[in-house]
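This report concerns only the one structure given below.
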Amino acid sequence: MHQQLEAYIPENALSQVLRLLEHDNLIVKIKKERKTRHGDYMRLPNGKHQITINSNLNKYRFLITLVHEIAHFEAYKTYGKLIKPHGIEWKHTFQRLMLPFLNPEIFPLDLLPLLAKHFKNPKASSDTDVQLALSLKQFDEPNGKTYIFEVPFGSEFKLYNGKVFKRGKKRVKRFECIEIKTGRLYLFNPNAEVEILN
């Protein structure tokens, strides 16, 4: 596990992460990119527990995602299977597990205030925290995609699944976009990554 994780997380986080993973019944697998999630946790039929994390995440997002999934495992062990997946038990567990990592030896200084704010009330996905998600993306490999807030009004764009939309007006936080094929209205977070077509 040590060598497997070394390439994916900040160097100064490794020993703390390995301590969190000291469970005989916990398996961590690193997977190819999945468009709909960064990672997941599940209890397997054989009684073991499995965490999967996408291999394409930058080291800071990988660490946050890994601790997010470990928090599911810890919350399950502590509170049982009847809790909500991202309910108060998970939130408290995630906050407690993440706190030791929130220091300048692990995260860049400009991320720390955003992380501190996010972990006052962590969400099911760090992508819903737009400011944090945009700051984390600066550490990603360039991918040629454009953020929805950068797409000009009225321009068409494509998602990873091939669906084509036209960007509309901004509401309070999100952007109205019409799917060309169906005419249905969708709301997009400003940090959604898309491919501009015109």
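Bear in mind that the values in this text are calculations on the coordinates, not laboratory data. Since the model is a prediction, treat every value here as computed from it, not as a measurement. Every residue, glycine among them, receives a Cβ derived from its backbone with ideal geometry; neighbour counts consider all protein chains shown.
Between R37, R61, R171, find the one with the highest GNM mean-square fluctuation for the chain; connect C-alpha pairs within less than 10 Å.
R171
Given the DSSP H assignment, sum -39500 (n - 2.57) over each helix run of at least 4 residues in the chain and divide by its residue total; what's the result at 222 nm in deg cm²/dmol, nearest 500? Kindly include the intermediate steps, with their values, before the conclusion.
On the way: 6 runs with 59 residues, N = 198.
It comes out at -8500 deg cm²/dmol, rounded to the nearest 500.
Tabulate in residue order the Karplus-calculated ³J(HN,Hα) for the stretch 175-186, using 6.51 cos²θ - 1.76 cosθ + 1.60 with θ = phi - 60°, rounded to whole Hz; enter x for Gly and Pro.
Rounded to whole hertz, the list is 10, 6, 9, 9, 6, 4, 5, 10, x, 6, 8, 10.
Is the shape of the stretch 146-196 best called rounded, prolate or oblate, per the rule: a/c under 1.5 gives rounded, else a/b larger than b/c gives prolate, else oblate, with a ≥ b ≥ c the square roots of the Cα gyration tensor eigenvalues?
In terms of gyration-tensor shape, oblate.
If contacts are Cα pairs under 8 angstrom and at least 6 residues apart, what is the relative contact order of the chain in percent?
Numbers: 273 pairs, mean separation 27.6, N = 198.
So the answer I get is 14 percent.
What do you get for the angle between helix 59-79 and the principal long axis of the chain? Use alpha-carbon atoms, 0 to 90 degrees, nearest ten.
That works out to roughly 60 degrees.
Which of the listed residues, L109, Y76, L99, is farthest toward the dipole's positive end in the chain, when Lys, Arg count +1 and Asp, Glu count -1 at the beta-carbon?
Y76
Go ahead and run the numbers for FRET between F153 and T128, Cβ-Cβ distance against an R0 of 25 Å, rounding to 0.05.
Details: r = 24 Å, r/R0 = 0.94.
According to the calculation, E is roughly 0.60.
Just how large is the dipole of the chain about the Cα centre, in debye to the nearest 20, putting +1 at every Lys and Arg Cβ and -1 at every Asp and Glu Cβ?
In total the dipole reaches around 940 debye.
Give the calculated FRET efficiency between E22 and K145 to the nearest 0.05, with a Förster radius of 41 Å applied to their Cβ-Cβ distance.
The computed FRET efficiency comes out at 0.60.
Counting other C-beta atoms within 10 Å, and keeping those with at most 14, which DSSP coil GluC sites (Glu not before Pro) do you find in the stretch 99-198?
Those that pass, being in a loop and sparsely packed, are E105.
Compare the Cα positions of N46, N58, A7 along the charge dipole of the stretch 2-137 (+1 at Cβ of Lys, Arg; -1 at Cβ of Asp, Glu; about the Cα centre) and return the one farthest towards the positive end.
The Cα lying farthest towards the positive end belongs to N46.
Return one number: the angle in degrees, 0 to 90 and rounded to the nearest 10, between the long axis of the Cα atoms of helix 88-98 and the longest principal axis of the Cα atoms of the chain.
Tilt of helix 88-98: around 80 degrees.
Taking the dipole about the Cα centre of the stretch 146-196, with the C-beta of Lys and Arg at +1 and of Asp and Glu at -1, give me whichever of Y186, I196, L159 is farthest to the positive side.
Y186
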